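The values are calculated or read from the model by the stated rules, or taken from the named source; none is laboratory data. What you see is a predicted model; the values in this text were computed from it and never measured. FYI the Cβ positions are ideal-geometry reconstructions off the backbone, even for glycines, and counts take in every protein chain you see.
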Amino acid sequence: MNLLHRLQVTFIAGLLLLLPLAVILIVAMKVIGIVHPFMVELAEAVGITIGVRTLAALLLVGLCLLAGLLMRTTRIGGLRYRLERNVLSLVPGYEYIRERTAELLGQDNEAIDRAILVRFDDGQSPGRLVERDTYGRCTVFIPDVPNGSTGAVLIVDADRVEELGVPYGHLSNCIRNHGKGLLDLVPKNDA
């Protein structure tokens with residue numbers, strides 16, 4: 001049963017990684033299919049000799065860059081935030097994929113505050129700070145080794161939580177490597 005559970009968790013983790021990539025690929029191919037006739041006419045009118053599919057792919061890259069610039073504006077960024085909070089957060093696994101992508105691309109400014117150690121009676125466990133409340137409690141996620149995407153959610157007193165001051169991606173790498181390198185992240189006075 002344990003092996004079956006691990007296979008199931010591994011399958012779901014792989015699916016959560018591949019599904020967004022497949023959606024992006026399908027959307028990109030649809031966009032290229034839609035703009036292809038226009039690109040044929042444009043290529044003929046201008047006399048461009050590169051392939052029409054290449055031209056359509058370049059247009060798609062340009063649209064992505066333009067969308068990225070728009071997302072940096074306050075108004076569009078706020079719209080994205082509301083869309084994520086009210087719609088996309090309801091999609092199973094979306095929040096995890098968004099956070100992991102931001103961590104991997106180095107765009108998650110809050111990730112540095114989330115890499116933590118949680119003190120227990122006889123040791124410490126690496127984890128992720130989910131939230132703090134005004135009553136001195138924290139919600140923490142303690143990841144399973146080596147997967148890291150599954151684990152336990154606990155509510156603990158804030159004095160048991162020690163922020164490491166490193167990006168969560170560093171801690172996540174240590175978890176995937178069965179703790180190797182974790183001692184380098186721990187402040188020397190606690191080791």
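Can you name the residue in segment 15-33 that is modelled with pLDDT of 60 or more and in contact with a helix residue (DSSP H, G or I) (Cβ under 7 Å, 6 or more places away or on another chain) and, of all such residues, is nearest to Asn147 (Cα to Cα)?
The extreme case among them is Pro20.
If you go through segment 129-154, how many residues are in contact with a Lys or Arg (Cβ under 7 Å, 6 or more places away or on another chain) and either over 14 Å from Val118 (Cα atoms) or outside the structural domain of Leu117 (by TED's automatic domain parsing) (or both)?
Qualifying residue count for the region: 2.
Output the number of residues of segment 133-164 satisfying the condition of being in a loop (DSSP other than H, G, I, E, B), of a type in the set (Gly, Ala, Ser) and at pLDDT 85 or above.
1
Here is a list: Ile76, Ile175, Ile112. Which entry is surrounded by 16 or more Cβ atoms within 10 Å (Cβ to Cβ), assigned to a helix (DSSP H, G or I) and at pLDDT below 90?
After ruling out the rest, the residue left standing is Ile175.
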